[in-house]
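Here's the structure we're looking at; comments come further down.
Here, each number is a calculation from the coordinates, and none is a lab measurement. Computed from a predicted model, the values in this text were never measured in an experiment. Using ideal geometry, Cβ is built from the backbone for each residue, glycine included, and neighbour counts are taken over all protein chains shown.
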Amino acid sequence: MTADGTTQFAFDEARSADLVVAAMTGAKNERLRQVMESVIRHLHAVVKEVEPTEEEWMTAIKFLTETGHMCTEWRQEFILFSDTFGVSMLVDAINNRKPSGATETTVLGPFHVASSPLKKMGDTINLEDKGEPLIVSGTVVDENGKAIEGAMLDVWQANSEGFYDVQQKDIQPDMNLRGRFVTGADGRYWFRSSKPLFYPIPHDGPVGALLRNLGRHPYRPAHIHFIVSAPGYQPIVTHLFDKNDPYLASDVVFGVKDSLVSEINQHDDPGRAAEIGLQNPFWSLQHEFKLVREK
Ligand code: BEZ
Ligand code: FE
């Protein structure tokens with residue numbers, strides 16, 4: 001019993017969060033208790049600010065239920081929810097603070113496939129021979145600009161219609177537009193591909209419906225994904241974006257960082273095209289990845 005005659009466990013609107021927090025003092029895992037205290041305090045604050053009707057609260061519960069039902073081996077609707085409301089980028093930023101000049105990171109996305117084919121420098125990752133030819137090249141260097149030998153670039157991208165191979169298993173060849181490349185002593189990499197195009201994230205589920213209700217489009221600006229790693233260095237998960245893409249300023253997952261925006265230039269040069277094994281005209285993208293040593 002408290003001084004004012006109420007029992008300490010009885011529900012009270014003003015003390016609602018304190019009551020729940022007090023019920024968790026016996027937690028075996030202190031980090032879990034701390035995280036849940038923060039979640040509960042913020043959630044109760046949101047509910048107090050919004051004052052949802054019971055019907056509105058059921059709409060929120062239904063949204064979460066449908067989000068769970070949408071998840072399969074190939075579809076992670078909760079990650080899409082996190083991505084489209086900026087949380088994935090925030091978690092990424094907190095966990096990947098880098099010295100200035102080092103390559104910045106961005107979201108992984110749902111379409112990475114582990115152990116994609118190991119390729120030789122100069123190989124093509126475009127197994128369909130569709131789209132506009134593109135050569136991607138550059139170097140992997142350390143913080144002093146010194147070439148890193150043995151760096152691995154794990155690369156993947158959508159095709160010219162905006163679909164990844166794993167979204168079109170009966171249409172695209174397996175492992176289309178993905179591959180892994182390892183640098184030699186000069187730290188250089190180059191591969192052939194097709195020019196990426198903007199595409200919508202999967203938007204036929206509850207997250208897509210929420211975006212539509214909020215007046216938001218589902219598009220990501222054209223990009224190529226990279227995981228760049230090397231022994232002794234912090235690996236980075238990142239993309240390179242097409243500077244001229246119409247969705248650059250409104251990426252649905254907020255993944256764009258200035259340093260990752262790249263020029264993709266067109267060349268009309270039959271001699272050079274023949275030399276690198278591309279049809280003329282072709283596009284080129286160049287980028288230097290700068291890795292930071294492991295702590
Ligand atoms: C992607 O770029 O592959 C992606 C990232 C976040 C959500 C959906 C797709
Ligand atoms: Fe992507």
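So which residues in the range 19-32 are under 36 Å from the mean Cα position of the chain (by Cα) and either small (G, A, S) or surrounded by 15 or more Cβ atoms within 10 Å (Cβ to Cβ) (or both)? If the condition is that a residue be under 36 Å from the mean Cα position of the chain (by Cα) and either small (G, A, S) or surrounded by 15 or more Cβ atoms within 10 Å (Cβ to Cβ) (or both), then V20, V21, A27 are the ones that fit. Being charged (D, E, K, R), over 27 Å from E275 (Cβ atoms) and surrounded by fewer than 18 Cβ atoms within 10 Å (Cβ to Cβ) is the filter; apply it to the range 138-158 and report the residue that is nearest to ligand 1 (Cβ to nearest atom). Step by step, filter the range 138-158, then rank; the result is E143. The residues in the range 244-295 that are within 16 Å of ligand 2 (Cβ to nearest atom) and among the small types (G, A, S) can be counted, and the count is 3. A102: away from ligand 1 (no atom under 16 Å from the Cβ), out of contact with any helix residue (DSSP H, G or I) (no Cβ under 8 Å at 6 or more places or on another chain) and touching a residue at least 40 places away in the same chain (Cβ under 8 Å), yes or no? The answer is yes for A102. Residue count for the range 83-137 under the criterion of being more than 16 Å from ligand 2 (Cβ to nearest atom), among the charged types (D, E, K, R), within 20 Å of the chain's Cα centre (by Cα) and surrounded by 13 or more Cβ atoms within 10 Å (Cβ to Cβ): the result is 2. Scanning the range 107-157 for residues that are assigned to a loop (DSSP other than H, G, I, E, B) and touching a helix residue (DSSP H, G or I) at 6+ places or on another chain (Cβ under 9 Å) yields V107, L108, G109, P110, F111, V113, G122, L127.
Beta carbons closer than 9 Å, at least 6 apart along the sequence or on distinct chains, never pair a first residue in the range 157-174 that is within 16 Å of P218 (Cα to Cα) and without any contact (Cβ under 8 Å) to a residue 24 or more places away in the chain with a second that is outside any helix (DSSP H, G or I) and among the polar types (S, T, N, Q). Determine if the range 159-179 includes at least one residue that is among the hydrophobic types (A, V, I, L, M, F, W, C), more than 30 Å from A102 (Cα to Cα) and loosely packed, with under 15 Cβ neighbours inside 10 Å. Yes, there is a match, as at least one residue in the range 159-179 is among the hydrophobic types (A, V, I, L, M, F, W, C), more than 30 Å from A102 (Cα to Cα) and loosely packed, with under 15 Cβ neighbours inside 10 Å.
Just one of the listed residues (R178, R220) is among the basic types (K, R), farther than 30 Å from G145 by Cβ and within 16 Å of ligand 1 (Cβ to nearest atom), namely R220.
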